[in-house]
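Heads up, the thing below is written out as C-alpha cells.
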Amino acid sequence: MSRSVAELDHEHLWHPFTQQRGWVEEDPIVVERAEGTDLIDVDGDRYIDGTSSLWCNVHGHRHPTIDAAIREQLDRVAHSTMLGLTHAPAAELAERLVEIAPPGLSRVFYSDAGSTATEIALKMAFQYWRQRGGQHARRTSFVGLAEGYHGDTIGAVSLGGIDLFHGAYEPLLFHKHCVPAGDAAALGAVLDEHGEEIAAVIVEPLVQGAGGILVQPPGYLRRVRELCDAHDVLLIADEVATGFGRTGTMFACEQERVTPDLLCLGKGLTNGYMPLAATLATERIYEGFLGEYEEYRTFFHGHTFTGNPLACAAAIANLEVFEEERTLLRIQPKIRLLHELLADVAAMDEVAEVRGRGLMVGIDLGGHDPSLRMGHRVTLAARERGAIVRPLGDTVVLMPPLAISHADLTRLVEITAESIREAVASATPAEVPAIHEERSASPAAQRRDAA
Ligand SMILES: *Cc1c(COP(=O)(O)O)cnc(C)c1O
C-alpha cells in the first residue's frame, strides 16, 4: 500500500508559520474535499470552515457559478502573460473592480498574493514621489501602525508592526515610522515632524487582522485620510483581509467614506479559489508614471503569473455571486446574530475580551504562558467537535465564510465556547493566570506561533 498523506507530509513538507517539531508529533487533518462551508477529511468527517480557509472563502467552497467560470476559462486558456499581451478576464475584472472600489480608484495592477499587493503599493508610492522630483523626491519613508500586518515579503514585513515577525528579520528591514493604531494624534505628531519625508501611510482599515483582530475607534480612518491630505502624504489601505464583505460592507473604507490613493486586495478576491491579488491606484498616481519611453518612468515590477486568466475568471464570478445572492444584504442578520452570541462568550471566565467587526472576530483568552499553547489547545478541542478554528497566539479567530448558515454560525460559536472551556480546564490550574486582573499590556507579547 502506498504511504499515507500524513507520512509523506511529515517526511517532506515544511508548513507556513509552523513549528515543525510540534507538527510532526500530531496527526494532521487531511482535507479531501469541501461542500458549502464545510471541509471534509479523508475519513469523511466534516468540519465547519471557521477560518474561511485562512480568511479567503466568501460564498462557500465548490460554488457552482465560480466552478463553472473556471471550467469555461480552462477550455480557452489557463495562462497567458500580461507582459506585452492582454486578455478578457483581466480587462473585465479590472472594470468591475473599479466599479465597486471607493470612487477615484481607476487603475488595477495585478499580482498573486496579499504580500505582493502591498509590496507593489509601497514601490508605487515611493517611485511616484521620486518622479514628481524636487522637494518631493525626499519622500522616501513610510508610516505603519503598531500591530499592523501586510504580508511576509521583506518590504511587507518592513511596513508591518508585529514584534515577533519584525524581531526575526530586523537587520533586513528598512526603517519606517511606527505609530499606535487608533491614535490619530500620534500620527499627526509624526507627520508634523517628518511629513516632508513620508511617501505614504499604510493601514489595515477598521480592523487589524493578524495583529489580533484589533478594532479601531470610529472616525479614525477618516482622520488618517485628513492628516495624509494635510501633509500631501499618500494613503495605502490594505484591505487584503477586510475586503469583500468581511466587515459588513464590500470594503471597510466605505464605512468612513474614505478613498485611499492605493488599495490592496487579495484573499477573498477569487472566493479563495486562486492566488490573485490587486493593487488599485488613483489616476493621479497612474499619471505620475507616464512619460516617454527613454524617461524610464515605467513601473518596473511584474510577476510571472500576474493577471492569470483562470484566477481573473474566478474573481469575476465571485463578484457576480455577490450580486446574484445579495451577499452584502444577507450577511447583516448574520453579523447581528454572531455579535449576540459573542456577548455570552465575552462573559465567560476564560475569556478576557472579544473584539471584531462584521464576520471577523477574535476571542482573546488573555496572556497565557506561551508554552501552554492555549490557542492551539482550543483548535484541537474544536476539531473534535467538528469545526476548524485557528488562533493568533491566545486569540481565537472566527472568520467564517459570509455564506455560512445561521445554524452553522450558532454551532460554530457553541463549539468554540465549549472548546475554550475544555482547553483552559486542560491546563493545570497553577498555570492559568487570573486573566481578568492581569492582562498582558501588549498584544504582541501574547502573540506566538500558534500552529
Ligand atoms: C493575509 C494578509 C496579507 C498577506 O497576504 P498573502 O496572500 O498571505 O501574502 C497582507 N495584508 C493583510 C491585511 C492580510 O491579512
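For this structure, a couple of remarks:
- The modelled label-to-label distance for the pair Ala168/Arg257, using points 7 Å beyond Cα in the direction of Cβ, is 4.2 nm.
- For a straight C-alpha distance cut-off of 25 angstrom, the lysines reachable from Lys123 (same-chain residues fewer than eight places away being disregarded) are Lys176, Lys267.
- Rounded to the nearest whole Hz, the Karplus-based 3J(HN,Hα) values (6.51 cos²θ - 1.76 cosθ + 1.60, θ = phi - 60°) of the range 277-287 follow the sequence 9, 8, 10, 9, 10, 6, 5, 4, 5, 4, 5, with x at glycine and proline.
- Calculated FRET efficiency, Ala88 to Glu320, Cβ-Cβ distance, R0 = 22 Å: about 0.90 to the nearest 0.05.
- The HN-Hα couplings worked out from phi for the range 398-412 by the Karplus form 6.51 cos²θ - 1.76 cosθ + 1.60 (θ = phi - 60°) are 10, 8, x, x, 4, 7, 4, 6, 4, 5, 5, 5, 4, 5, 4 Hz, whole numbers, x standing for Gly and Pro.
- Heavy-atom accessible surface of the chain: percent carbon and sulfur, 1.4 Å: 54 percent
- The DSSP beta bridges internal to the chain are antiparallel in roughly 65% of cases.
- When peptides 60-66, 250-256 are sorted by average Cβ neighbour count within 10 Å, with the highest value leading, the order is 250-256, 60-66.
- Here the chain was treated as a single set of alpha-carbon atoms; its pair distances binned every 20 Å from 0 give 25, 57, 18, 0 percent.
- For the chain, the solvent-accessible area with a 1.4 angstrom probe is 44 square angstrom per residue.
- Axis angle, to the nearest 10 degrees, between helix 327-346 and the longest C-alpha principal axis of the chain: 50 degrees.
- The range 66-324: radius of gyration and largest Cα-Cα distance (Dmax), Å: 17.8, 57
- Accessible area of Val42 (1.4 Å probe, protein heavy atoms only, ligands and nucleic acids ignored): about 80 Å².
- With only Cα atoms counted, the range 153-253 has Rg and Dmax values of 13.7, 39 Å.
- Distant-in-sequence amide H partners of Glu353 (H built 1.01 Å from N, under 5 Å): Asp364, Gly366
- For Glu32, the amide hydrogen comes within under 5 Å of the amide hydrogens of Ile40, Asp41, Val42, counting only partners 5 or more places away or on other chains and with H modelled in the peptide plane.
- Axis of helix 88-100 versus longest Cα principal axis of the chain: the two differ by about 80°, to the nearest ten degrees.
- Positive minus negative residues near Met250 (Lys, Arg vs Asp, Glu; Cβ under 12 Å): -2
- Remark: the range 294-300, residue by residue, has Karplus-estimated 3J(HN,Hα) of 7, 7, 6, 8, 4, 7, 8 Hz, where x stands for each Gly or Pro and the curve is 6.51 cos²θ - 1.76 cosθ + 1.60 at θ = phi - 60°.
- Principal-axis tilt of helix 309-324 within the chain, Cα atoms, nearest 10 degrees: 70 degrees
- Under the Debye formula (equal points on every Cα, no solvent term), log10 I(q)/I(0) of the range 214-321 at q = 0.11, 0.14, 0.21 Å⁻¹: -0.45, -0.70, -1.18
- For Arg385, solvent-accessible area (1.4 Å; no DNA, RNA or ligand), Å²: 80 Å²
- Centre separation in Å (Cα based) which lies between the range 6-38 and the range 314-391: 22 Å
- A simple count of charges around His61, restricted to other residues whose Cβ falls under 14 Å of its Cβ and scoring Lys, Arg +1 and Asp, Glu -1, yields -4.
- The range 1-82 has equivalent-ellipsoid semi-axes of 29, 18, 14 Å, by the square roots of 5 times the alpha carbon gyration tensor eigenvalues, sorted largest first.
- Distance between modelled label sites at Leu8 and Ser426, nm, 7 Å Cα→Cβ extension: 2.9 nm
The values are calculated or read from the model by the stated rules, or taken from the named source; none is laboratory data. Note that the structure is a prediction, hence the values are computed from the model and not measured. Using ideal geometry, Cβ is built from the backbone for each residue, glycine included, and neighbour counts are taken over all protein chains shown. Accessible surface is based on the protein model in full, side chains and every heavy atom, while ligands, DNA and RNA are left aside. Shrake-Rupley method; radii C 1.70, N 1.55, O 1.52, S 1.80 Å.
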